[in-house]
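Inspection log for the structure reproduced underneath, given as structure tokens.
The values are calculated or read from the model by the stated rules, or taken from the named source; none is laboratory data. This structure is a prediction, so every number in the text was calculated from the model and none was measured. A quick note on method: Cβ atoms are made from the backbone with ideal geometry, for glycine too, and the neighbour counts reach across all protein chains shown. Protein only, heavy atoms only, side chains kept; ligands, DNA and RNA dropped before computing areas. Shrake-Rupley method; radii C 1.70, N 1.55, O 1.52, S 1.80 Å.
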Amino acid sequence: MKKLVIAAVTAISTYCGMLTADTSRVVVVSHGQPQDPFWSVVKNGVDEAAKEAQVKVEYRAPDTFDMVKMAQIIDAAIATKPNGLVVSIPDKDALSDSIKKAVNNGIPVISMNSGADAYKQLGVKLHVGQSEYLAGKGAGERMRQAGVKNGLCINHEQGNAGLDQRCDGFVEGMKGKAAILAVSTDPTEIRNALLAYLNKNRNIDGILTLGPIGADPTIAAIEQAGAAGKVKIGSFDLSPAILKAIKKGSMDFAIDQQQYLQGYLPVIFLAQYSKYGVLPNGEVQTGPGFVTKENANQVVELSKKGIR
Amino acid sequence: MNSTTTASAVDIAKDERLRNQSIIRKAMHRPELGAVAGALLVFGFFGIFAGDSGMFSASGTINFLEVSAQLGIIAVAAALLMIAGEFDLSIGSMIAFSGLVVAIPVSVWGLPMWMAIIIAFIGAVGIGYLNGYLVVRTKLPSFIVTLAFLFILRGLAIGFTRLITGRTQVGGLKEAAENDWLASLFHGEVGTSLFSWLAKIGWLETNFAGQPMVTGIPVSIIWWMVIAALATWVLLMTRFGNWIFACGGDANAARNVGVPVNKVKITLFIFTALAATVFACLQVLDAGSADTNRGLLKEFEAIIAVVIGGALLTGGYGSAIGAVFGALIFGTVQMGIFYTGVNTDWFKVFMGVMMLLAVMFNNYVRKKATESH
């Protein structure tokens, strides 16, 4: 323990030149690529927490969805002996060795975003996030209650476990009366693919998209097909365009997992833990929250700032 | 066979050193022949497996043409560059970068749209020049130099956007684009009145709301045609076109006979950057937003389209029309799967197999055509 403290202090002093006792250093490693709008908001939460808690934070992410690379980044972070580590765990098997190593080295670890099913076994102290499957199921149930008979889930990143779970949850929530359409991330391709699909399957009356990348072209496609108002649209995650569509009524709801908190809370928690040794127990659920026409206004401004 | 040449051709070509060829035979030797055949194969395939699905209805056709058009715009530029013996792997990143250069000044600083578009095009000239200059100056393979720019431009797009906006998507551009004289070049449709008239007399299908399924031809298709025509003219009718072939065939030999190889190459790098910017403007104004994620892997799609179009990876041989058909094949296959009803889990397998078949067929046809000298 003494060695660790000395190492930490050296690390801090070389890092920022300050030697105050309450300054600690946290490394955040996420699987989300920096260009993903969703993870921008997470990072904004991290930055804000770092400022408030006066913690040095380093945010790292592999530039592609690559679990091996992510494990290597975690290993590198452990080597710098941080006072705390925040990780997302989209793939337990690929990351467990690295995370266990951090735990065995006495680094407190908090998982965020994904990893609800894995964090306990790995010795991670706390999970901050939303269950993707349950959120998708919630969206499906909501659609079904709104009278949707044939749903469609638009997956713009097939193979990403979290997104696949959302679609699977949606199909479950719709009691199986929903299909999944895999598309690319190109807006024109998504819009035209959907137009093609709708043309072939004219009974589709409810569409769930998994984020702004899919949502904007979907709204455009529905308008172009002349089906506005006949097809319900819901989406995961928020963007200014999604919120505007909700206010206008061309989109029915967006599921907000408040990922700002997924970046913010773990850093604050770790700062408190390193200061006083206090930490909440169990899982902290940041979502799902539904944004609809009723509460869209308050969210709009915050979304512009990258907080929601 | 050659004695059946048309009379008019004989009149023009009295030079006994030239062998007279029939138009058909001439066409057989064009690089794009294979791609045209490949396109026919692809259309045949979808005609059989998705013919009754509306894929070849007016709306369906516009649908896959639009996707082909956007790819085609960058593919034509990539084709000219590849004929000159170089690659540009920075096209995809350039699309994201240019899109944000258009979006950020408008949404963050309140500049008028036309000014932002002009800034983006000026920026593209600069980046294209830099790409080309580094290639000819360092003599490094363009594969390496532009690969570096693939990362640099994507990184700049992400870094600056996050720095300035705190997000990776910049939206709210629809309003700024309205009534903007320059934006209208990249946005909307052509021939809308014609299409609504066609719908009224019942020649066009109508949608849920009773409106025509197709309200016009998207401007991207016009851009595609214009750029392809321009590139074909340059390639076949101008001295610059000859220089392009010479650069890719044997740069040293070309230099020795006075072709300004470096200038040609730099110009073509500028052309690909400009094409990427056109692509970016079309998507930004269509979607009303820019995104650091745009254009992912487009550089490879463009190269694939060029190769399907009959160009050689080693340079010196190819055509712009070939790239047009290459993009058409790619776009058709990409959209076609949604009409066949195949589970989209198999999307990439399907794409790969169709691509491979098209290229193999293309090569086979070209070989058959050229061996009958």
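Rg (Å, one decimal) plus Dmax (Å, integer) for the alpha carbons of the stretch B:126-191?
For the stretch B:126-191, the Cα radius of gyration and maximum Cα-Cα distance read 17.3, 48 Å.
Between A:N201, A:N113, A:N150, find the one with the highest GNM mean-square fluctuation for chain A; connect C-alpha pairs within less than 10 Å.
In the Gaussian network model the winner is A:N201.
Note down the net charge around B:T146, summing +1 for each Lys or Arg and -1 for each Asp or Glu among other residues with Cβ under 11 Å from its Cβ.
Numbers: positive: none; negative: B:E86, B:D88, B:E299.
Neighbourhood net charge equals -3.
May I ask you to give the average projected area over all directions of the convex hull of the Cα atoms of the stretch A:168-218, in nm² rounded to one decimal?
On the way: hull surface 14.0 nm².
The Cα convex hull of the stretch A:168-218, projected and averaged over all directions, gives 3.5 nm².
Express in Å², to the nearest 10, the accessible area of B:H29 obtained by rolling a 1.4 Å probe over the protein heavy atoms while all chains stay in place.
40 Å²
Only Cα pairs within less than 10 Å get springs; with that Gaussian network setup on chain A, which residue of A:V278, A:V46, A:V28 has the largest fluctuation?
The residue that fluctuates most here is A:V278.
Going through the stretch A:70-130, which trypsin sites (Lys or Arg not before Pro) have at most 15 other Cβ atoms within 10 Å and a DSSP loop state?
Those that pass, being in a loop and sparsely packed, are A:K120.
Give, as a single signed number, the net charge of other residues whose beta carbon lies under 13 Å from the beta carbon of B:I127, with Lys and Arg counted +1 and Asp and Glu -1.
It works out to a net charge of 0.
Which value at 222 nm does chain A reach when only helices count, each DSSP H run of 4 or more adding -39,500 (n - 2.57), with the total divided by all residues and rounded to the nearest 500 deg cm²/dmol? Can you show the working numbers first?
On the way: 11 runs with 148 residues, N = 308.
Estimated from H runs of four or more residues: -15500 deg cm²/dmol.
What are the ³J(HN,Hα) couplings of the stretch A:126-135, residue after residue, when phi is run through the Karplus curve with 6.51, -1.76, 1.60 and θ = phi - 60°? Round to Hz, x for glycine and proline.
7, 10, 10, x, 9, 6, 5, 5, 5, 5
Output wanted: per-residue J couplings in Hz (rounded whole) for the stretch B:328-336, from phi through Karplus 6.51 cos²θ - 1.76 cosθ + 1.60, θ = phi - 60°, x for Gly and Pro.
5, 4, 4, x, 5, 5, 4, 7, x
Counting only C-alpha contacts under 8 Å and six or more residues apart, can you give the relative contact order of chain A as a whole percent?
19 percent
Give me, ordered by chain and number, the residues 5 or more places off A:S235 or on other chains with an amide H under 5 Å from its own placed amide H.
Here A:T209, A:F253, A:A254, A:I255 satisfy the definition.
To two decimal places, what compactness ratio does the protein assembly as shown give when its Cα radius of gyration is scaled by 2.2 N^0.38 Å? Each step should come with its number before you reach the end.
Values: Rg = 27.7 Å, N = 681, 2.2 N^0.38 = 26.2 Å.
So the Cα radius of gyration is 1.05 times the expected 2.2 N^0.38 Å.
Please determine, in degrees from 0 to 90 and to the nearest 10, the orientation of helix A:161-173 with respect to the longest principal axis defined by the Cα atoms of chain A, where the helix direction is its Cα long axis.
Approximately 40 degrees, to the nearest ten.
Sort all Cα-Cα distances of the stretch B:247-341 into consecutive 10 angstrom bins from zero, then give the percent of pairs in each bin up to the one containing the longest distance.
Cα pair-distance distribution for the stretch B:247-341, in percent: 14, 33, 33, 14, 5, 1.
So what is the relative contact order of chain B, in percent, for Cα pairs below 8 Å that sit 6 or more residues apart?
Normalised by residue count, the contact order of chain B is 36 percent.
Express in whole angstrom the spacing between the alpha-carbon centres of the stretch A:172-229 and the stretch A:267-305.
Cα centroid to Cα centroid, the span is 30 Å.
Cα centroid distance between the stretch B:306-320 and the stretch A:119-151, in Å?
Taking the Cα centre of the stretch A:119-151 as reference, the centre of the stretch B:306-320 is 49 Å away.
Once you have the Kirkwood Rh of chain B from its Cα pairs, apply Stokes-Einstein at 4 °C and 1.567 mPa s and quote D in µm²/s.
59 µm²/s
Express the Stokes-Einstein translational diffusion coefficient of the stretch A:222-308 in µm² s⁻¹, to the nearest whole number, given a Kirkwood radius over alpha-carbon pairs, 20 °C and a viscosity of 1.002 mPa s.
145 µm²/s
Say the cut-off is 29 Å between C-alpha atoms; which of A:K69/B:K298; B:K263/B:K367; A:K43/A:K230 go over it?
B:K263/B:K367; A:K43/A:K230
Using the basic label-point model (7 angstrom from Cα toward the beta carbon), what is the B:V353 to A:D66 distance in nanometres?
Taking the two extended label points, one gets 3.0 nm.
How high is the FRET efficiency between B:R137 and A:K175 when r is their beta carbon distance and R₀ equals 60 Å, given to the nearest 0.05?
Once rounded, the FRET efficiency stands at 0.40.
How high is the relative contact order of the stretch A:209-248, in percent, with contacts defined as C-alpha pairs under 8 Å that are six or more residues apart?
Contact order relative to length: 56 percent.
Which values of log₁₀ I(q)/I(0), to two decimal places, follow from the Debye formula for the stretch A:48-192 at q = 0.12, 0.14, 0.17 Å⁻¹ with a uniform point scatterer at every Cα?
-0.63, -0.79, -0.98
Quick check: pseudo-label points 7 Å beyond the Cα along Cα→Cβ at B:W346 and A:D117, how many nm apart are they?
2.7 nm
With θ set to phi - 60° and the Karplus curve 6.51 cos²θ - 1.76 cosθ + 1.60, what are the ³J(HN,Hα) couplings of the stretch A:241-248 in order, to the nearest whole Hz, using x for Gly and Pro?
5, 5, 5, 5, 5, 5, 4, 6
Calculate the FRET efficiency for B:S184 and B:Y129 from the Cβ-Cβ distance with a Förster distance of 30 Å, rounded to the nearest 0.05.
E(calc), rounded to 0.05, equals 0.60.
Over chain A, what lengths in whole Å, largest first, do the semi-axes of the equivalent ellipsoid take, defined as the square roots of 5 times the eigenvalues of the alpha-carbon gyration tensor?
Values for chain A, descending: 39, 18, 16 Å.
For every other residue with a beta carbon closer than 10 angstrom to the beta carbon of A:E132, add +1 if it is Lys or Arg and -1 if Asp or Glu, then tell me the sum.
Result for the local shell: 0.
Quick query: amide H of A:L126 versus all other amide H atoms, modeled in the peptide plane; which residues come in under 5 Å with a sequence gap of 5 or more or a different chain?
Under 5 Å from the amide H of A:L126 lie the amide H atoms of A:S111, each far enough along the sequence or on another chain.
Roughly what would the spin-label model give for A:E58 and A:Q298, points 7 Å off Cα along C-beta, in nm?
3.9 nm
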